[in-house]
Amino acid sequence: MLVAKNLSKSYKEVKALTDVTLNIQKGELYGMLGPNGAGKTTTISILSSLLKPDDGKIFYEEKSLYQNLSECKKLIGVVPQEIALYEDLTASENLKFWGTMYGIKGQQLQNKSDELLEFLGLADRKNHKIKTYSGGMKRRINIAAALLHDPKIVFMDEPTVGIDPQSRNLIFEVIEELHSRGLTMIYTTHYMEEAERLCDRIGIIDEGRIIAEGSLDELKANSSIKEEIHLEYSNPNKNGLEQLTDRYNGQLLVNDDHLILSSSQANSELPELIQLCSQSELLLDKIDIRSLSLESIFLELTGKSLRD
Ligand SMILES: Nc1ncnc2c1ncn2[C@@H]1O[C@H](COP(=O)(O)OP(=O)(O)OP(=O)(O)O)[C@@H](O)[C@H]1O
């Protein structure tokens, strides 16, 4: 469906992308997982023709993007990270505006707009102004606007940023339904849980490079880490945490009230870890051994946390 070869892009002295190559199959839900500033928005902007790369080639259904711009653009829908809606217009009026921009008119636009409002669970609010909508509802209308012209591939740039868990779940359900209908999607996120839940294949991006790619199972199989030890503690003792960080350099994620240690053999590492916690005067509430997550894979590959 989409092939991108060796995309590179700099903003003056900032190297935003280096040699990014992607091969997205029809019907695939591909996740780009990376921290803030990794290059996700730049990739989407280039793939959707909003931005020109310094280098690289892009093909949609084997046709070069730049040589077939208007034809390719019809295939593409973009859900931008920033909400692109007029606050003083109703949801219907916003969709009418975007539909007209895509060249859809009259009854066809009305029908499509109603169908999407129904699909996104907002039919009963269609005549309300966007400024009365919650953040999650605005995000859903943002998605509807990208679907008006029946695109074959949709780019979703962090579509759940800044919304509550319930609204996030509604958006996941919409994406899963679109996926089951065969829509090809590229979904960017810095939440590993989203990539794990939604995506057929995940590209891990950091500092403008895809540093690993595969299904969740493939990424796990290629990692030397096998498990994670989760420790919950009740006293965030700074010195104690520093001692542990020194001992487990590059293996340990420290969060507010818990630690995650990436481990190749959790059962044999546990006694030493518990002893060190005791020496470091960390009061443990709970210990859990869990299967490997993308967070640990990211730590293994980059030496840093996805959430930094
Ligand atoms: N218009 C711009 N001018 C200068 N630098 C930019 C511009 N847009 C992005 N950058 C830089 O390029 C790099 C990649 O940014 P990009 O927005 O693509 O990352 P991202 O993964 O989408 O991050 P975020 O989740 O924060 O949007 C960053 O270092 C960013 O500061």
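The values are calculated or read from the model by the stated rules, or taken from the named source; none is laboratory data. Please read these numbers as outputs of a predicted model, since none were measured by experiment. Quick reminder, even Gly has a Cβ in these numbers, built from the backbone with ideal geometry, and neighbours come from all protein chains shown.
With the structure loaded, tell me whether ASP88 is in the same structural domain as THR41 (by TED's automatic domain parsing), under 28 Å from the mean Cα position of the chain (by Cα) and of a type outside the set (S, T, N, Q) or whether it fails that test.
When the stated conditions are applied, ASP88 does not pass them.
Keeping to the stretch 1-46, report how many residues are crowded, with 24+ Cβ neighbours inside 10 Å, more than 12 Å from the ligand (Cβ to nearest atom) and more than 22 Å from SER180 (Cα to Cα).
0
Within the stretch 62-73, is even one residue in contact (Cβ under 8 Å) with a residue 24 or more places away in the chain and hydrophobic (A, V, I, L, M, F, W, C)?
No.
Name every residue in the stretch 137-162 that is part of a loop (DSSP other than H, G, I, E, B) and either of a type outside the set (Gly, Ala, Ser) or at pLDDT 95 or above (or both), in order of residue number.
Within the stretch 137-162, LEU148, HIS149, ASP150, PRO151, LYS152, GLU158, PRO159, THR160, VAL161 qualify.
Table: residues versus (1) surrounded by fewer than 20 Cβ atoms within 10 Å (Cβ to Cβ); (2) among the hydrophobic types (A, V, I, L, M, F, W, C); (3) in contact (Cβ under 8 Å) with a residue 12 or more places away in the chain.
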{"residue": "LYS96", "(1), (2), (3)": "yes, no, yes"}
{"residue": "GLY99", "(1), (2), (3)": "no, no, yes"}
{"residue": "LYS105", "(1), (2), (3)": "yes, no, no"}
{"residue": "LEU117", "(1), (2), (3)": "no, yes, yes"}
{"residue": "ILE143", "(1), (2), (3)": "no, yes, yes"}
{"residue": "GLU158", "(1), (2), (3)": "no, no, yes"}
{"residue": "ARG181", "(1), (2), (3)": "yes, no, no"}
{"residue": "MET185", "(1), (2), (3)": "no, yes, yes"}
{"residue": "THR188", "(1), (2), (3)": "no, no, yes"}
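May I ask you to list the residues in the stretch 1-45 that are hydroxyl-bearing (Ser, Thr, Tyr), in contact with a Leu (Cβ under 6 Å, 6 or more places away or on another chain) and touching a residue at least 40 places away in the same chain (Cβ under 8 Å)?
Residues satisfying the conditions are SER8, THR42.
Here are some conditions: (1) over 29 Å from ILE297 (Cα atoms); (2) touching a residue at least 12 places away in the same chain (Cβ under 8 Å); (3) more than 14 Å from the ligand (Cβ to nearest atom); (4) surrounded by 14 or more Cβ atoms within 10 Å (Cβ to Cβ). TYR86 meets all but one. Which one does it not meet?
Against the list (1) over 29 Å from ILE297 (Cα atoms); (2) touching a residue at least 12 places away in the same chain (Cβ under 8 Å); (3) more than 14 Å from the ligand (Cβ to nearest atom); (4) surrounded by 14 or more Cβ atoms within 10 Å (Cβ to Cβ), TYR86 comes up short only on (4).
For the stretch 125-176, which residues satisfy the criterion of being away from the ligand (no atom under 16 Å from the Cβ), charged (D, E, K, R) and either in contact with a helix residue (DSSP H, G or I) (Cβ under 7 Å, 6 or more places away or on another chain) or closer than 19 Å to ILE24 by Cα (or both)?
Result: ARG125, LYS126, LYS138, ARG140, ASP150, LYS152, ASP164, GLU176.
Does the stretch 163-203 hold any residues that are closer than 18 Å to MET137 by Cα and either in a loop (DSSP other than H, G, I, E, B) or not hydrophobic (A, V, I, L, M, F, W, C) (or both), and which are they?
Residues satisfying the conditions are ILE163, ASP164, PRO165, GLN166, SER167, ARG168, ASN169, GLU173, GLU176, GLU177.
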